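Below is one structure; the comments refer to it alone.
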Amino acid sequence: MQHVVPGDVAWVLVSTILVLLMTVPGLALFYAGMVRKKNVLAIMMQSFMLCAAMTVVWVVAGYSLAFTNGDAWLGDLSRLFLNGLAAGWDRPFTLGAGTAAAQPTTIPESVFLMFQMAFAIITPAVVTGSCADRMKFSALLLFFTLWSLVVYAPLAHWVWAPTGWLAQMGVADFAGGTVVEINCGVSGLVCALMLGRRLGYGQENMAPWNLSYAVIGASLLWVGWMGFNSGGALGANGRAGMAVLVTQIAAAGGTLSWTFAEWFLRGKPSVLGAISGAVAGLVAITPAAGFVLPGPALAIGLVVGAVCFWSATSLKAALGYDDSLDAFGVHGVGGIIGTLATGWFAFGPLSAGPDAPAGTAIGGTHLLGVQAVAVAATVTWCGGASWVLLKLTDLLVGLRVTREEEREGLDVVLHGEQVF
């Protein structure tokens, strides 16, 4: 009989807190250390305010659109303002209750929706790295409010709701290779292209202001990612344990791979490169965390570190776009690699259940094909929808600050404060 398991509740709550830690203070410090001094407070404000704004959006409509049954494309409106939550607040929650693909859990719905809220918070916060130094604060709040409802919620439904069309195809995405990583990477690239390059890009010195901030932020991201990637097990169990292990291994592989690639090609291993490699490894293992074993996890980390180094340096320079803090180069590219790798390396027993003793996600050509469809659908949807929403935002409030304001710095211009 289905019942609440206190240990499972405790683990998912801890995982939720770790994911929130990734946004504030983790991502806030990581990004703050990589922008110029005149924009430090502005980029931190973006992470902080999105944490608040996305919480309200999730409560009002985001959760309902993402995780109620609805149809194959979108949830329904039955949980607007978390309507009905009080009826079963202390009982175990079944995702997709009443459908053929119902997924019973041992945690209350409040715990599940809070864990998913943390994902809905950090995803748009990552996108801000692509438009750093030049986007209006009003435009940012308007765009990401719309983006959360129009882009993020439907994609989460496709992949993680039992009635979603990609879920029905059998997509393997444990913690958000599509919903979070590819989504924020591609949306970030569209933002960067729509906003245009920063003033002086390629001519002026845009070196990070304080890499020590970035190292602290990356360290918080590394630790927080353990909850990000293992909370999806929705319990304190063997799958969660394996997710933690492979997350650590992939992060280490990405760190070493980026560092040695840079050392070999540029003569010196940089601090920025090391922390970027760690994040790349963490990104790529995100979809795979509940599906792969340690060996493939190390391979994924080693490959993605080198590839993301190339994408964030050579590819960006060759194509000439200004992805300020490499949201696409790391999250977009890394998410694609990790999602496809999951299709090949998935170890069936990790996803086995009472009704599927051999596993529901078994690596091979079939699952690789499903993963490729998921990647293509994610890129197409979030890229196209983000472009439309940015156009609408530009029409309503304008996207970019003036040239004079950009030169002065967003801290003073937008918030009337500065770091001394």
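When the Cα positions of L256, G348, M114 are compared along the charge dipole of the chain, L256 comes out farthest toward the positive end, with charges on each C-beta of Lys, Arg, Asp and Glu. For the pair region 1-46 / region 358-390, the C-alpha centres are spaced 25 Å from each other. Rounded to the nearest 20 debye, the dipole magnitude of the chain is 540 debye, with +1 charges on Lys and Arg beta carbons, -1 on Asp and Glu beta carbons, and the Cα centre as origin. Pairs of Lys residues in the chain that lie 8 or more places apart, or on two chains, and have C-alpha atoms under 25 angstrom apart add up to 9. Applied to region 245-258, the Karplus parametrisation 6.51 cos²θ - 1.76 cosθ + 1.60 on θ = phi - 60° returns per-residue 3J(HN,Hα) values of 4, 5, 5, 4, 5, 5, 4, 5, x, x, 4, 5, 5, 5 Hz, with x for Gly and Pro.
For the pair S270 and V388, a Förster radius of 35 Å applied to the C-beta separation gives a FRET efficiency near 0.40, rounded to the nearest 0.05.
Charging the Cβ of each Asp and Glu at -1 and of each Lys and Arg at +1, and nothing else, the dipole of region 292-420 about its Cα centre rounds to 500 debye. For the peptides 317-324, 9-16, 383-390, the ranking by mean Cβ contacts within 10 Å, running from highest to lowest, is 9-16, 383-390, 317-324. Our estimate of slack between V223 and H3, defined as 0.36 nm per intervening residue step minus the Cα-Cα distance, is 76.2 nm. Taking the Cβ of D8 as the centre, find all other residues whose Cβ is under 15 Å away and add up their charges (Lys, Arg: +1; Asp, Glu: -1). That sum, taken over residues with Cβ under 15 Å, equals 0. Of the peptides 397-404, 209-216, the ranking by mean beta-carbon count within 10 Å, highest at the top, reads 209-216, 397-404. Enclosing the Cα atoms of region 103-142 in their convex hull gives a volume equal to 86 cubic angstrom per residue. For region 6-415, the Kirkwood estimate of the hydrodynamic radius, built from every pair of different alpha carbons, is 21.0 Å.
Kirkwood hydrodynamic radius computed over region 245-333 comes to 12.6 Å, based on all pairs of distinct alpha carbons.
A simple spin-label model places pseudo-atoms 7 Å from Cα toward Cβ; at V397 and A52 they are separated by 1.4 nm. Prolate is the label for region 18-139. Its Cα gyration tensor axes, ordered a ≥ b ≥ c, give a/c of at least 1.5 and a/b above b/c.
Bear in mind that the values in this text are calculations on the coordinates, not laboratory data. Everything numeric in this text was worked out from a predicted model, so none of it was measured. Glycine gets a Cβ as well: all are built from the backbone with ideal geometry, and neighbour counts include every protein chain shown.
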